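Sending over a structure as structure tokens; questions will come in a sec.
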Amino acid sequence: QVQLVESGGGSVQAGGSLELSCTASGYIAAHYMAWFRQAPGKEREGVASIDTSGWTSYADSVQGRFTISRDNPRRALYLRMNNLKPEDTALYSCAATATRPNQKLDAPEYNSWGQGTQVTVSS
């Protein structure tokens, strides 16, 4: 199974920016990859997804502020976050699947997960 490791989390002021990275090891077709987040007391939610062709999708809450990208040769996934809000505070995890998901931002569609990196946005 593929192993995923996130990095780049930290603490920022509202309105600031941050970039998350996810590196993969092991074999996976990984046609689809995504970022999810979960805050204390909240359910996990999909943030953004991307396929090998660069086709992307975003949650309404981050549309226009976050940008997902991938570097296939390096087997890396990125999430550029701009104009961060306190509501963005959460543990961010990357995920991957070799199967085309029916719902790209639905967690059960993904079978490989990282442990997450914390993002904290202060008001």
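What's the carbon and sulfur percent of the chain's accessible surface, probe 1.4 angstrom, rounded to a whole number?
Roughly 45 percent, rounded to a whole number.
Find the accessible area per residue for the chain; the probe is 1.4 Å, ligands and nucleic acids are left out, and the unit is Å².
53 Å²
Let me check something: with ligands and nucleic acids excluded, how do LEU77, LEU18, LEU91 order by accessible area (1.4 Å probe), largest to smallest?
Ranked list, largest accessible area first: LEU91, LEU18, LEU77.
Right, here's the next one. If you find the alpha carbon centre of the range 88-123 and of the range 22-61, how far apart are they in angstrom?
Each part's Cα centre sits 5 Å from the other's.
Go through THR97, LEU20, TRP35 and say which Cα lies farthest out towards the positive end of the charge dipole of the range 1-101; charges sit on Cβ, +1 for Lys and Arg, -1 for Asp and Glu.
Highest projection toward the positive end goes to THR97.
What is the gain in length, in nm to one decimal, between SER122 and ARG100 on full extension, counting 0.36 nm per residue of separation less the C-alpha to C-alpha distance?
This chain segment gains 4.3 nm when fully extended.
Another question, if that's okay. Using the Kirkwood formula on the Cα atoms of the range 57-123, what hydrodynamic radius do you get, in angstrom to one decimal?
It is 13.4 Å.
Just want to confirm a number: the relative contact order over the range 1-78, from Cα pairs under 8 angstrom separated by 6+ residues, in percent.
Over the range 1-78, the number comes to 26 percent.
Still on this model: Please give the charge dipole size of the chain, origin at the Cα centre, charges +1 on K and R Cβ atoms and -1 on D and E Cβ atoms. Round to the nearest 20 debye.
180 debye
Next up: Once you compute Rg and the Kirkwood Rh from C-alpha atoms, what is the Rg to Rh ratio for the range 36-90?
0.99
Now, a different point. Over the chain, what number does the Rg to Rh ratio reach, with both radii from the alpha-carbon atoms and Rh per Kirkwood?
Using only Cα positions, Rg/Rh for the chain is 0.94.
Continuing with this model, one more query. As a test of reading the structure, rank LYS42, LYS104 by solvent-accessible area (1.4 Å probe, protein chains only), most first.
Reading off the accessible areas and sorting them downward yields LYS42, LYS104.
With each pseudo-label sitting 7 Å past Cα toward Cβ, what's the LYS85-VAL5 distance in nm, one decimal?
Here the modelled spin labels are 3.4 nm apart.
The values are calculated or read from the model by the stated rules, or taken from the named source; none is laboratory data. Note that the structure is predicted; figures quoted are calculated from it, not measured. Cβ sites come from the backbone with ideal geometry, for glycine too, and all protein chains shown count toward neighbours. All accessible areas refer to the heavy atoms of the entire protein, side chains included, with ligands and DNA or RNA removed. Shrake-Rupley method; radii C 1.70, N 1.55, O 1.52, S 1.80 Å.
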